[in-house]
Structure formats: structure tokens, C-alpha cells
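Here's the structure, in C-alpha cells; my notes come after.
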Amino acid sequence: MIAVREQLNRESGKPLEIGIGLATGEVVAGCMGSIDRLNYTVLGARVNLASRLCSEAGIMEIVIDDETKKQLDHPPSALRARPELRLKGFSGTIIAWQLLPSPQETTADGTPASLITADSTASR
């Protein structure tokens, strides 16, 4: 995600530098509100945790919770432990990890591998 965002920032005249927070778990999702004002939204503790992790993430960082870590296929070297967090709305400490880019996500010149197409490799 970050590699793609960096590529898009290089190509755009208006770079967007964001941090991303991810939490895995059950949420309530759907259209909520009244007949006059109906919005699709998500609610739940995991949504709140993702929001708090997003606030902890630095520019162009992805911070995940421990449950998300358990779901990843990345080797442990692709993660960096963050100091335990005390977050608003959560009684205990939260274990968080920074997701690091893996070597296969970029080419030798730093281009995100996911953006390489047959057309772009012909011009190299």
C-alpha cells in the first residue's frame, strides 16, 4: 500500500502522505440513520481501534494490531514491534506492529512491483 502511495505521489502534483491503522475483528456495517439521512458506516471496538492506530501511525506508515498480525502471511522480519500503546477507549495496553515493506514489493530502482506492467517493462 505504501509503495503504491509513494508511486502515486511521485506522479501527482498533489502528494498525499498518510498513516494507516488496521485492526481485525467483528464490526457492524450497513446503512444507518433515518429516512431523511441514511449513510453507510461501520461501528464497533475494532473500528475504534483502527482509528486509534491510524492516529499512532507516522506519515507513510502502516500500524496493525496483534490480531491482524496473526492473519498475515508476511515473515516476522516484515514487522517491527511498536511500544505497547495506551489508547483512549481501551482499558489495557494494545500490542501494535509496524508493517514494513518487503523486498519483493519494490524493484531495484524503488518502483512498486504492483505497478509494473508489460508496457512499462518494455520501456526500461
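The values are calculated or read from the model by the stated rules, or taken from the named source; none is laboratory data. These numbers were taken from a predicted model, which means no experiment stands behind them. Here the Cβ is made from the backbone with ideal geometry for all residues, glycine too, and neighbour counts use every protein chain on show.
Values computed for the structure shown
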| read-out | value |
| --- | --- |
| Residues that are out of contact with any Phe, Trp or Tyr (no Cβ under 7 Å at 6 or more places or on another chain) and in a helix (DSSP H, G or I), drawn from the stretch 55-83 | Ser55, Glu56, Asp66, Glu67, Thr68, Lys70, Gln71, Pro76, Ser77, Ala78 |
| Looking only at the stretch 89-124, and only at residues there that are at pLDDT 90 or above and part of a loop (DSSP other than H, G, I, E, B), the one that is nearest to the chain's Cα centre (by Cα) | Ile95 |
| Scan of the stretch 15-54 for residues that are under 25 Å from Arg5 (Cα atoms) and charged (D, E, K, R), ordered by number | Glu17, Arg46, Arg52 |
| Residues satisfying the stated conditions in the stretch 16-41, i.e. within 17 Å of the chain's Cα centre (by Cα) and either assigned to a loop (DSSP other than H, G, I, E, B) or not small (Gly, Ala, Ser) (or both) | Leu16, Glu17, Ile18, Gly19, Ile20, Leu22, Ala23, Thr24, Gly25 |
| Candidates Arg46, Arg52, Arg86, filtered to the one that is touching a Phe, Trp or Tyr at 6+ places or on another chain (Cβ under 8 Å), basic (Lys, Arg) and modelled with pLDDT of 70 or more | Arg52 |
